[in-house]
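The values are calculated or read from the model by the stated rules, or taken from the named source; none is laboratory data. These numbers come from a predicted model, not from an experiment. As a convention, Cβ positions derive from the backbone with ideal geometry for all residues, glycine included, and neighbour counts pool all protein chains shown.
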Amino acid sequence: MNRYIPIFLVFLLAIFLSIIIGPAQLNTDILQLRISRVILGIFAGGVLAFCGGILQGLFGNPLVEPYTLGSASGAALGGSVGMLIFGTISPLFAFLGALGVGFFVFTIARIEGGLLRDRLILAGVVMSFLCSSLVMIIMVMGGRELYEILYLLMGYLGVVINSTNRLMIILMIVLSGILLLYLYQYYRELDIISQGMETAAGLGIDIQKLSIIIFLTTALLIGITVSIVGAIGFVGLIVPHISKLIFGPKHLKNLPASFLLGATFLLLADTIARVITVYELPVGVVTSLVGVPFFIYLYRRQ
Amino acid sequence: MFSKAVKAVCIGCVVLILATGINSCEKPVSHTGFKIVSLSPAMTEIVFALGVAQDLVGVTTFCNYPEQAKKIYKIGDFSNPSLERIVGRKPDLVIVNLPEQMRIKRQLEKLNINIFISSPRTLDDIYDEIIEIGRILKKEQAADSLVNYMKMHISRVDKPVLNAVEGSSKKRVYIELSPKPLVTIGAPSFLNELLEMAGAENIFADLEKDYPVVPQEEVIKRNPDVIIVLHPEKITDRLGWRKITAIKNNAVYTTLNQDHLMRPGPRLVIGFKELKDIVDE
């Protein structure tokens, strides 16, 4: 349990850095702005990493995450369809997009009596590319500018918060918290499934039902996240691995740690994004710039 | 035997390509029945202003001014013009906007269709392009007078007045083109030039990008006296923005027509007057 202490301290440090570092002098207004950005960062980083961890546990595949499963890009696709119809990205459409694409990926990877896990990733990545192209077409046809598309596909935390979207964002974050807790209660089942599907089935776990629950809930979470901050990549992939390196395979411990580490990672990436240029840089650029070498380093060391 | 034939065909093709390539280097000149396709809304306005609108056989769906332009055959929108529709009009000249229409420009070049490239960054570029298209369309005089008209109306505020303005410090303006993410104008854009000529200062004039994406904090830090919003979203109730001078003093302008300011054509005259009215207020 005491391994949480250093991680929590780093998390606090990330929050502290995010709040004190920035171009403007700190006053109450700037503080409000930075705190809202920190909240978005904790929410998005935490949710993505947590979902990544739980999906990796469920499918027993280290490469599974919201991005490689196609649901993040699917959410962006759904979101941009909603944007064409209503002029704004709605969580509902993003959820439907994540769900639809996820479902499609499953259908491709499905064989009689189970899932082909390698095919799951292949199908997910392929669908992810397809969705990105469709987002491009839809947005360009809708007269949207390229940077808007880029920021939706890479994600950024500098979202403008005003009286129209404030309540919505707060509600969505609260809902996400509830959904995360709901998923967390399945930690024991996930531990057993990680040992092997047969064992789990032998112990009477309804894998089919659990898969559907986890699949639907993560799709909803990803839909919410993407509709607010865009499709930020890499957090969901690498953070659960780091979490497992530190806390071992037990989901009771590594899922909350994934949340904390994901939040920390995204906050630090965002701080870097804010410091290196005067421009607003999509935070997804930094997460992959930092994430890829770090990931390679970890894997070489193992 | 066979390979020789292939070689001959290949060489023939190369010669043909080279020949037509050289041919297309010559600028076309207007003649009776000259047909133009314009992919640039600003250039469509310019062609109308030069009095040769009857030559236009194709425009984009964005070409909505003057009213008659809406009735001209549409070849697609500004970002996605259809190559087939363009070619189908058998144009003598296609006006292409760069950098946005790079793809279609390459395709047209492959088909040896004459193109006119419009890519103005400064007011002088706009004037040069008007003179150039005027020469091609044999409307040199009309082009001259259009440029003179624009220069007359878009001119620097008189020196003594400017000095006085500088003494009382220029108004610092933030122009917002898009809310998600925040897009504004940097130094290399004619809108920045217009602002300066109107006697104001763009708060992001130090950025060397024409349309930079900026963080909210930078806007708050640079604290503009005036905010011009060129999209429909409300900005006064944003979290953290209430202490900005422009918002405190109710100097947020939302009713300006984007086409008057963003289209490098004759209506910049109207846009400039609107800017000046705001700055002088």
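Within region B:75-87, the set of residues being in contact (Cβ under 8 Å) with a residue 12 or more places away in the chain and within 14 Å of chain A (Cβ to nearest Cβ) comprises B:GLY76, B:ASP77, B:PHE78, B:SER79, B:PRO81. Of the residues making up region B:117-139, one or more are touching an Asp or Glu at 6+ places or on another chain (Cβ under 6 Å) and either modelled with pLDDT under 85 or under 16 Å from B:ASP92 (Cα atoms) (or both). Name the one entry in A:GLY204, A:GLY248, A:GLY291, A:GLY233 that is within 24 Å of A:SER132 (Cβ to Cβ) and out of contact with any Ser or Thr (no Cβ under 7 Å at 6 or more places or on another chain). Exactly one of A:GLY204, A:GLY248, A:GLY291, A:GLY233 is within 24 Å of A:SER132 (Cβ to Cβ) and out of contact with any Ser or Thr (no Cβ under 7 Å at 6 or more places or on another chain), namely A:GLY291.
For region A:136-150, the condition holds for no residue, the condition being that it is among the hydrophobic types (A, V, I, L, M, F, W, C) and more than 14 Å from chain B (Cβ to nearest Cβ).
Can you tell which of A:THR164, A:THR217, A:THR199 is among the hydroxyl-bearing types (Ser, Thr, Tyr) and farther than 26 Å from A:VAL105 by Cα? Step by step, each of A:THR164, A:THR217, A:THR199 is checked, and only A:THR164 is among the hydroxyl-bearing types (Ser, Thr, Tyr) and farther than 26 Å from A:VAL105 by Cα. The condition (being within 12 Å of chain A (Cβ to nearest Cβ) and crowded, with 22+ Cβ neighbours inside 10 Å) is satisfied by just one residue among B:ILE244, B:ILE228: B:ILE244. Could you tell me which numbered condition A:LEU157 fails, if it satisfies all but one of (1) surrounded by 19 or more Cβ atoms within 10 Å (Cβ to Cβ); (2) at pLDDT 90 or above; (3) more than 14 Å from chain B (Cβ to nearest Cβ)? Only one criterion is unmet by A:LEU157, namely (3).
Hey, could you check region A:23-46 for residues that are buried (at least 17 other Cβ atoms within 10 Å of the Cβ) and more than 13 Å from A:LEU267 (Cα to Cα) and say which is farthest from the other protein chains (Cβ to nearest Cβ)? Going through the qualifying residues, I end up with A:ILE30. Can you pull out the residues in region B:67-81 that are surrounded by 14 or more Cβ atoms within 10 Å (Cβ to Cβ) and either among the hydrophobic types (A, V, I, L, M, F, W, C) or assigned to a loop (DSSP other than H, G, I, E, B) (or both)? If the condition is that a residue be surrounded by 14 or more Cβ atoms within 10 Å (Cβ to Cβ) and either among the hydrophobic types (A, V, I, L, M, F, W, C) or assigned to a loop (DSSP other than H, G, I, E, B) (or both), then B:ALA69, B:ILE72, B:ILE75, B:ASP77, B:PHE78, B:SER79, B:ASN80 are the ones that fit.
Tallying residues that are within 17 Å of B:GLU84 (Cα to Cα), in contact (Cβ under 8 Å) with a residue 40 or more places away in the chain and surrounded by fewer than 22 Cβ atoms within 10 Å (Cβ to Cβ) within region B:37-66 yields 0. The set of residues in region B:54-84 that are among the polar types (S, T, N, Q) and in contact with a helix residue (DSSP H, G or I) (Cβ under 8 Å, 6 or more places away or on another chain) comprises B:THR60, B:ASN64, B:GLN68, B:SER79, B:ASN80. With respect to A:THR277, is the statement that it is within 14 Å of another protein chain (Cβ to nearest Cβ) and of a type in the set (S, T, N, Q) true? Considered against the rule, which asks whether it is within 14 Å of another protein chain (Cβ to nearest Cβ) and of a type in the set (S, T, N, Q), A:THR277 comes out as yes. Residues in region A:62-70 include none that are out of contact with any Ser or Thr (no Cβ under 7 Å at 6 or more places or on another chain), under 26 Å from A:LEU281 (Cβ atoms) and within 14 Å of another protein chain (Cβ to nearest Cβ).
When region A:1-22 is filtered for residues that are within 14 Å of chain B (Cβ to nearest Cβ) and in a loop (DSSP other than H, G, I, E, B), the ones remaining, listed by number, are A:ILE21, A:GLY22.
Has region B:102-124 got at least one residue that is β-branched (Val, Ile, Thr), touching a Phe, Trp or Tyr at 6+ places or on another chain (Cβ under 8 Å) and closer than 28 Å to B:GLN141 by Cβ? Yes, because at least one residue in region B:102-124 is β-branched (Val, Ile, Thr), touching a Phe, Trp or Tyr at 6+ places or on another chain (Cβ under 8 Å) and closer than 28 Å to B:GLN141 by Cβ. Going by what's in this entry, would A:LEU175 be described as closer than 22 Å to A:LEU267 by Cβ, out of contact with any His (no Cβ under 7 Å at 6 or more places or on another chain), part of a helix (DSSP H, G or I) and within 14 Å of chain B (Cβ to nearest Cβ)? Here the answer is no, as A:LEU175 does not meet what is asked.
Out of region B:202-225, which residues are surrounded by 20 or more Cβ atoms within 10 Å (Cβ to Cβ), more than 8 Å from every other protein chain (Cβ to nearest Cβ) and within 22 Å of the chain's Cα centre (by Cα)? Of everything in region B:202-225, those that are surrounded by 20 or more Cβ atoms within 10 Å (Cβ to Cβ), more than 8 Å from every other protein chain (Cβ to nearest Cβ) and within 22 Å of the chain's Cα centre (by Cα) turn out to be B:ASN202, B:ILE203, B:PHE204.
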